[in-house]
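Structure first, commentary second.
FYI, it's all coordinate maths here, none of it is from the lab. Everything quoted here is computed from the prediction, not taken from an experiment. Cβ sites come from the backbone with ideal geometry, for glycine too, and all protein chains shown count toward neighbours.
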Amino acid sequence: MHVELTKDFRFESAHRLPMVPPDHKCFRMHGHSYRIEVCVAGEVDAKLGWLVDFGEIAARVEPVLTQELDHRVLNDVAGLENPTSEVLAEWLWRRLGPLVPHLAAITVHETCTARCTYRGA
């Protein structure tokens, strides 16, 4: 049986978008309460009855978010100099891909109504 599992995570960060015109509101420093969805996909283990333990996903993702992104200025993080949702989603994919088996998608919720999903290259 093929399934997709999604685990949500949250962190707080500030950023500014240096590539937009200076009169754009996102050119100014501001913050977001980000919500990240980490989606894994694959075949359910017949013996265990699951693809992967949600706790295992959390154990691999939370340290990256808390140590590298939470309460930071994203522009100061290597690779996030222009920290759009799109760039952040790809950055998370590259950072989490080696850590999270079966990674299928990363969704970055920048606000309650705006999000970006990245499924790898």
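Return the total of residues in region 45-57 being surrounded by fewer than 11 Cβ atoms within 10 Å (Cβ to Cβ) and either hydrophobic (A, V, I, L, M, F, W, C) or at positive phi (or both).
Going through region 45-57 one residue at a time, the tally reaches 3.
Could you please tell me which pairs satisfy a Cβ distance under 6 Å, a separation of 6+ or placement on different chains, a first residue in region 87-99 that is in contact (Cβ under 8 Å) with a residue 12 or more places away in the chain, and a second residue that is in a loop (DSSP other than H, G, I, E, B) and of a type in the set (Gly, Ala, Ser)?
Here the result reads 91/79; 93/120, each pair linking region 87-99 to a residue that is in a loop (DSSP other than H, G, I, E, B) and of a type in the set (Gly, Ala, Ser).
Identify, by number, the condition in (1) touching a Pro at 6+ places or on another chain (Cβ under 9 Å); (2) without any contact (Cβ under 8 Å) to a residue 60 or more places away in the chain that residue 76 doesn't meet.
(1)
Of all residues being among the hydrophobic types (A, V, I, L, M, F, W, C) and buried (at least 19 other Cβ atoms within 10 Å of the Cβ) in region 63-86, which is nearest to residue 30 (Cα to Cα)? Just the residue, please.
Selected residue: 74.
Within region 10-33, identify whether any single residue is under 15 Å from residue 100 (Cα atoms) and buried (at least 16 other Cβ atoms within 10 Å of the Cβ), and answer yes or no.
No - not one qualifying residue is present in region 10-33.
Do you know which residues across region 11-40 are closer than 17 Å to residue 113 by Cβ and among the small types (Gly, Ala, Ser)?
Start the filter on region 11-40 by keeping residues that are closer than 17 Å to residue 113 by Cβ, which leaves 25-26, 30-37.
Residues satisfying the conditions are 31, 33.
Condition check ((1) among the small types (Gly, Ala, Ser); (2) surrounded by 13 or more Cβ atoms within 10 Å (Cβ to Cβ); (3) over 14 Å from residue 10 (Cβ atoms)) across all residues:
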{"site": "40", "(1), (2), (3)": "no, yes, yes"}
{"site": "43", "(1), (2), (3)": "no, no, yes"}
{"site": "89", "(1), (2), (3)": "yes, yes, yes"}
{"site": "93", "(1), (2), (3)": "no, yes, yes"}
{"site": "102", "(1), (2), (3)": "no, yes, yes"}
{"site": "118", "(1), (2), (3)": "no, yes, yes"}
